[in-house]
Amino acid sequence: MDPLSLPKLKQHNSLSNIIAIFLSTMAMLSKNLHSTSTPLQLLLVLLSLQRLFLFQQWNWNPIFHLLLLSCFFLVYVLRVGALAFKPPSVYLVDYSCFKPPSTCQLPLSRFIQHASSIISFDSQSVEFMAKIVASSGLSEQTYLPPALLSFPPKTHQRDYIKEAEMILLPLMDDLLTKAKLSPRDIDILVVHCSAFCPSPSLSSIIVNKYSMRSDVKSFNLSGMGCSAGAIGIDLAQNLLKTNNNCYAIVISTEILSAGWYSGHERSKLLINCLFRMGSAALLLTNRKEASKTSKYRLIRTLRTQTAFDDKAYLTAIREEDDDGKLGVTINKGLLPAAGELLRSHMTILGLKILPLTEKLKHFVSVIRKKFKDKEGEIYMPSFKTAIQHFCLPTSGRALIGEINKGLNLDGRDVEASLMTLHRFGNQSSSSMWYELAYMEAKERVKKGDKVLMLGMGTGPKCCS
C-alpha cells in the first residue's frame, strides 16, 4: 500500500488528526474489504495498516491502534450485515421448448377444410376464421393438438388430460436430462395454464408421474393469460429468496382443446385462429455454484396491471355466448388498453434500468415542451441503451407493431417475435422462450447481454 494515501500527521494528538485518520482508514478498509473476503485476507489488510502506522511513527500513541481496530470492526460488521440480508442471486440453469410431432401440423388449407366439416360452424364463421388466419402472419407449419384435429373435435376432460401429458411429460424429461438432475432434486414446481385447471391440478399430475418428494413446494396458476410465463418466474424468484440452495422448475403451457370455441360469435372465434400448441419448462436455482454454469442470471422482475379499470378488464374475458358455449371474447378496445398498460409498465421499468443520460433527455424535452416549445416533441428514451435483446408478446402482428413503435425498436429487435408467431403461432405464456431459443440459434446472445422478456395477458396485466 502507498503510505502517501494517508495524510501525514503532526506528532501532537489533535482532534483534526484523529478525524483524518478515521476517515482515511475507513476509506481504505472499504476499498479492500469485500463481502467475499476470507478471514486471512482481512487479517492481511489489518497488518498492512499496522505497518503503515509504524512507518508514520504513530506507534507511540495507543489511540491510533484503538482507532484502527474500531474502523476495522465497524466496516467488517457492516459488510457481514449487508451480506446476511442480501437475497441470493437467481440463475436460469437451462430451459426446454416443446416441439409438437409433425402429425399435429395444420396448414391453412387443412384448417379451412377441418373447420368446414364441423357442424357447429356455419359458412360465415369458417370464412371469417379463414380470413383471420390468412392475415395473421402464421405459417403453414403451426400445430394443433390431436383432440382438435378429430372429427368432431374432442373437448372432454380426459382429452384435456391427454393433451397435458403429451406436452408436459416429454418437456420435463428433456429439461431434467439437460440439467442432469433427478425429479427428486427439485424443491419448487410452478405450473401455469390459463384455460385448464383440473383437480388434481397440473402440478399435482407432474408430482405424481415423477414421484417427486413429499416436501416439494408445488403451485398451479390459472387464468393469468399470456403474461403467466413472466409471473411464474416472479413467483419462483420470491420463493428462492426464502429457501436456500434450491432448484425450481417453472412450466408455461396452454391446453388448447380446453379453450376451443365452437360457436358463431366472431369476437370469440379469434382464439381458434391465433393460438397454437407450445410449452416451455425452465430450471431456476439460487445455488452459488450455478453462477459458473448457468445460461442467465435474473436481474429484476416487474409487474403492472389495470384490472381495477372496468373498461380494460372487459377487453378480454372468458364467458358464455347466447347459446351457452364458452369462449374468450376479444373486444376492440384491447389494443388501446394494451398500449396504456405497456406505457405505464415501461415508464416504471425505464426509471429503474435506463442510464441517466436517457432520463435527462426525456426530462429536458418535457420541460421544454411545457414552458418553451409547445409544438415540440417529447423525447422517448431508447431502451436499447440498456437492453440488447427483446422477447415480446406474440399475440399478433398488430400488437407486435404497436410495441415496436412504442419502444422505438427496429426490425432486428422484433424479428424473433415475428418469426416465432410465423413458425409456431401464439403459444400464450411460453412464446417468449421460443423467441429466446430463436436468438440463441442465430448466435445473437453474447455473454454480458441483457434480455427483456415481456408478457402481457388478460386482466389486463403486464410482467417483465
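The values are calculated or read from the model by the stated rules, or taken from the named source; none is laboratory data. Everything quoted here is computed from the prediction, not taken from an experiment. Note that we place each Cβ from the backbone using ideal geometry, even for glycine, and neighbour counts take in every protein chain shown. Heavy atoms of the whole protein, side chains included, go into the accessibility calculation; ligands, DNA and RNA do not. Shrake-Rupley method; radii C 1.70, N 1.55, O 1.52, S 1.80 Å.
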The whole-number value in µm²/s of the Stokes-Einstein translational diffusion coefficient for segment 296-354, with Rh from the Kirkwood sum over alpha carbon pairs at 4 °C and 1.567 mPa s, is 95
So, with points 7 Å from each Cα along the Cβ direction, the residue 245-residue 356 label distance in nm works out to 4.2
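Counting pairs of alpha carbon atoms under 8 Å apart in space and at least six apart in sequence, what relative contact order in percent does segment 330-464 give? Before the final figure, lay out the partial values.
Working: 142 pairs, mean separation 35.6, N = 135.
For segment 330-464, the relative contact order is 26 percent.
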D (µm²/s, integer) via Stokes-Einstein for segment 236-354, Kirkwood Rh across alpha-carbon pairs, 25 °C, 0.890 mPa s: value 137
Shape descriptors of segment 310-463 over alpha-carbon atoms, Rg and Dmax in angstrom, are 17.9, 59
Counting Lys and Arg as +1 and Asp and Glu as -1 over every other residue whose Cβ sits under 15 Å from the Cβ of residue 323, the net charge comes to -3
log10 I(q)/I(0) for segment 154-273, Debye formula on C-alpha points only (no solvent), q = 0.14, 0.18 Å⁻¹, two decimals, reads -0.62, -0.96
Rounded to the nearest 10 Å², the 1.4 Å probe accessible area of residue 300 is 100
Eigenvalues of the alpha-carbon gyration tensor of segment 397-464, times 5 and square-rooted, give semi-axes in Å, largest first, of 19, 14, 13
Descending packing, highest mean Cβ count within 10 Å first, for 363-375, 413-425, 249-261 is 249-261, 413-425, 363-375
FRET efficiency (residue 377, residue 127; Cβ distance; R0 35 Å; to 0.05) is 0.20
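Once you've got the Cα coordinates, tell me which of 359/461; 162/325; 154/442; 217/359; 241/450 are over 32 Å apart.
Too far apart for the 32 Å limit: 154/442; 217/359.
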Pseudo-spin-label distance residue 267 to residue 135, built 7 Å along Cα→Cβ, given in nm, is 1.9
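May I ask for the equivalent-ellipsoid semi-axes of segment 90-301, computed as the square root of five times each C-alpha gyration tensor eigenvalue and listed largest first in whole Å? Intermediate values should be presented prior to the final figure.
On the way: eigenvalues 255, 57, 44 Å².
Whole-Å semi-axes of the equivalent ellipsoid: 36, 17, 15.
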